[in-house]
1. Keeping all protein chains in place, calculate the accessible area per residue for the chain (probe 1.4 angstrom), answer in Å².
2. Given the peptides 559-571, 492-504, arrange them by the average over their residues of other C-beta atoms within 10 Å, most packed first.
3. Of Q220, A491, L129, whose Cα points farthest to the positive end of the dipole of the chain (charges on the beta-carbon: +1 Lys, Arg; -1 Asp, Glu; origin at the Cα centre)?
4. Length gain on complete extension for the stretch A22 to Q37, per 0.36 nm per residue less the alpha carbon to alpha carbon distance?
5. Mind listing the long-range amide H neighbours of S403? Cut-off is under 5 Å, sequence gap 5 or more, other chains count too, H placed in the peptide plane at 1.01 Å from N.
6. Arrange the residues Y17, Y586 by how much accessible surface each exposes, largest first, with a 1.4 angstrom probe.
7. So what are the ³J(HN,Hα) numbers for region 551-562, from phi and the Karplus equation (6.51, -1.76, 1.60; θ = phi - 60°), rounded to whole Hz, Gly and Pro as x?
8. Show the residues, 5+ positions off or on another chain, whose built amide H is closer than 5 Å to the amide H of T324.
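The values are calculated or read from the model by the stated rules, or taken from the named source; none is laboratory data. What you see is a predicted model, and the numbers here were worked out from it, not measured in a lab. Backbone-built Cβ (ideal geometry, glycine too); neighbour counts: all protein chains shown. All accessible areas refer to the heavy atoms of the entire protein, side chains included, with ligands and DNA or RNA removed. Shrake-Rupley method; radii C 1.70, N 1.55, O 1.52, S 1.80 Å.
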Amino acid sequence: MTAPSRQRTPNPHLGAYYGIVASAFASLVVLLAMAEQLGWSDGTIALLMILLPLLFYLAITVAARTLDVEDFFTSGRRVPQVYNAFLLAAITVGGTGFFAYTGAVFFLGFDALAIGLGWTCGLLLSGVLFVPYLRRAGAYTLPAFLGQRFRSRETRLVASALQVVPTALLLAAEIKIAATVVAIFLPASYWIAVLLIAALVAATGILGGMRALTWSGSAQFIAGAIGLAVPLIVVSVLLTNLPAPQFTYGEMFGSLQSAETAAGMSPVEPGDIGALPAPEPMAAVKPFLQSFGAITERGFFALFFCFALGTAALPSLIARSGVTCSVADQRRSTAWALLLVALFVITAPSLAAFAKVLMFRDMALIPTQGLPAWLSSLSVGQLAQASDLNGDGTIGAGELLISRDGIALALPILAQLPYVLTALMAAAGLAIALAAAGSHLFTLGASLADDVYGTLDHQPIILPRLMAAWAAIAACAFLAAVYLFIAEVDALHTAVTAFAFAAATFFPVLLLAIWWPRCTTRGALASLATGFGVLFLALTMGGLIGVAETAVGTAMSCLVAAVLALGAGVGASLYGPEPEGFDTAYYEEMRKPDGETMFDQAQARAATASSEED
């Protein structure tokens, strides 16, 4: 018999609170714009535009602190659907998408859309295949769900160990992006910026867990949305006279092709340039509208499926499957996130197209008007560098080196907009990176506390359990900072690897656990080990012979590993004994869309039994 649902009422004043947040952020931009006109220096404006929002996020974190276990791990299961969607979208795109993906679209044009389309399709797959049933199960983490589904401590521990790789890689990528922005706009070195960002996201996770991440992350998403929209809409009005860049940038294609031709661009063949651009400044040599110039059709679809499957099974997204009030709310939340990510995916090409038109149109005027003013500004920020290598008095496409991760920051400078809009774009990308980094860090810490410590120590003592989570979060943040000190991290390629591991390791086992009642513990372990092991070997051994040395190679290896993992899970389940009656009952109960979460029901039964014994 299904237990009745507990009433979980969200705060009715959230809309007013976050309306104030949006108004405060917009007011800050207006005030700094006025200050710029009064003669304030660029450094002062950047300092205030970056630091004041950071202090505001920290204040929200302090206000959302908690010592309650359910609040810490699931935000009390009462997050409204739209606010959860803010976090889902921020985790999916992240600072890597905000800066590196928009840069990839600038360099590759159509070919880079494989990543954005993969994110969008992945959220759709997750909402249809996994999210409702994960919400019904109610486990705090992905490994906890697998452990409960198969009544296996070994499966839970193995899944917890394997999820470290994709989650830690994404954490390192997001901290790298955020620290780079801070180092550019504040008087701080990159290493100090890394420590600052790691400490900030660790403080968010330690003070309030999922609750603090939800409410500070919602504010960060709003800041990111405003910061991306305002400069882009201004540029759209300047170039097309309409404030809808997603629908009007097509008018610029004629001007874009003319500018690219004047700069010496010509169609390229796959293999002439790398599949994905590197973070170091490089020349943009591929025409924006050419399809399958950087990668082949096969490579495009490999990247697409890699990101689609990886997004659907990403542990940091799965961890948010239990924070809403009901299964229906969780479905709607995923739909809202899908809409928000799709909006970003169709916005990124407009940003890249506008930047490319402005950049190469001015390049064509160098013989008559000299070097454009924006070139020196971009050179100071190490976002671009140019030289007349052939001495012909012009700078062609091959002589202008542009930073991939700086395209979003370069757009306001290229359009000669007030400096406050450049700082606004930086604050927006930093906010999204912080929201994503905090979620990845919490996923690591929560798994170590709930899936490792919680599995090994069954004592129902609240404080030590939270202390384990605090220690795990702090340790993971410290190790991520140390890793960034000793390793050179390319955010985009690191994200490809992370999504590949998520797809190969967790998508097959989730598919079997949720949609196939015959799947057993042996099948789940075989699937996890096969998917992770095959991809790991492809990236290590295969990289030595060129099999997986590129992003496309990693994506293809991921798909092979996922197929083998699915086959291993099916084969091991059929070869071994059939599931026991309890496993079948759990599966059937999980498929029911109504009632309280199964985990909460079990907790209530345990509490009732304990009180009766006392």
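1. Accessible area per residue, the chain: 38 Å².
2. On the way: 559-571: 20.5, 492-504: 27.2.
The peptides rank, most packed first, as 492-504, 559-571.
3. L129
4. Full extension from A22 to Q37 adds 3.1 nm.
5. M282, A384
6. Values: Y17 115, Y586 25 Å².
Correct descending sequence by accessible area is Y17, Y586.
7. In residue order, the calculated couplings are 4, 5, x, 4, 5, 5, 4, 4, 5, 4, 5, 5 Hz.
8. V79
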